[in-house]
């Protein structure tokens, strides 16, 4: 029988990988340590780790690539716009971008949804149904893919930014936060262990990444907070926040726990774009 990549490593390294996977250690950190201390070829290290992940989490998808923003330079030239890299974090992957939308585009998208807003809901962990919850007090509105030329243009721009196909993403979902409104700490990824998320995973797979478009300025409060990281991102009209919801191996990343802090003065309007594993 042909050996797996994991079985090709010395037994002590096999056990080391299995133990660290069981402890939930960051996969990229494990790969780097295998390269440094093995030393092993990166490709062998990645496949060995994938074997251990599949052994620990049967059915998990080990992805060949993930959505990402190219932050090699301070500016990103797109066909219709120059976007600025304002902040970049590697683990977890978080990028803050400026000039993603123009003021007129922000205003037009917000105006499209003005009469569509209803109370926001959350996904029930057991049934998978949408329901109102005290942790989320904003209002939501949906915009259909290709509903207008502007929507198509923005979708294409975001796809180019994240290097991810337009059809591998959910439609834009707007959120409006007025004074006192918030969304307490939550994650965007679907937990494979919960029965209520099974149908969401079946339609498009995991939410691999999130893009938040800030459509308005906010006088006070309303930031996007990552409590595990001690990071708060303050909303600024036209900017966008990208973060990956999974580790490089497609497993849900607890570090992406985030919250929409209460608005203290003004109104916050954002548009969420969730990037999925498969066509959605």
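Within the stretch 125-144, the set of residues being in contact with a helix residue (DSSP H, G or I) (Cβ under 8 Å, 6 or more places away or on another chain) and surrounded by fewer than 15 Cβ atoms within 10 Å (Cβ to Cβ) comprises 125, 126, 127, 129, 144.
Checked across the stretch 219-242, the condition of being modelled with pLDDT under 95 and part of a strand (DSSP E or B) holds for no residue. Kindly indicate which of 197, 224 is closer than 23 Å to residue 131 by Cβ and either assigned by TED's automatic domain parsing to the domain that holds residue 109 or without any contact (Cβ under 8 Å) to a residue 40 or more places away in the chain (or both). Only one candidate qualifies: 197. The single residue among 154, 126 that is out of contact with any strand residue (DSSP E or B) (no Cβ under 7 Å at 6 or more places or on another chain) and in a loop (DSSP other than H, G, I, E, B) turns out to be 126. Going by the conditions given, is residue 279 in a helix (DSSP H, G or I) and either touching a residue at least 60 places away in the same chain (Cβ under 8 Å) or in the same structural domain as residue 107 (by TED's automatic domain parsing) (or both)? So residue 279 does not fit the description; no.
Entry remark, the stretch 167-181: residues being surrounded by fewer than 16 Cβ atoms within 10 Å (Cβ to Cβ) and part of a helix (DSSP H, G or I) number 1 in total.
Can we say residue 209 is within 20 Å of residue 85 (Cβ to Cβ) and within 11 Å of the chain's Cα centre (by Cα)? Answer is yes for this residue. For the criterion of being touching a strand residue (DSSP E or B) at 6+ places or on another chain (Cβ under 8 Å) and more than 26 Å from residue 261 (Cβ to Cβ), residue 146 fails.
The residues of the stretch 22-46 that are more than 20 Å from residue 66 (Cα to Cα) and under 24 Å from the mean Cα position of the chain (by Cα), listed by number, are 22, 23. Would you say residue 69 is surrounded by fewer than 20 Cβ atoms within 10 Å (Cβ to Cβ), in contact with a helix residue (DSSP H, G or I) (Cβ under 8 Å, 6 or more places away or on another chain), modelled with pLDDT of 80 or more and not assigned by TED's automatic domain parsing to the domain that holds residue 208? Answer is no for this residue.
Of the set (1) at pLDDT 95 or above; (2) in a helix (DSSP H, G or I), all apply to residue 210 but (2). Against the test of being at pLDDT below 95, farther than 20 Å from residue 217 by Cβ and surrounded by fewer than 16 Cβ atoms within 10 Å (Cβ to Cβ), the options 185, 192, 92 yield a single qualifying residue, 192.
The values are calculated or read from the model by the stated rules, or taken from the named source; none is laboratory data. These numbers come from a predicted model, not from an experiment. Because the Cβ atoms are built from the backbone with ideal geometry, glycine has one as well, and the counts that use them run over all protein chains shown.
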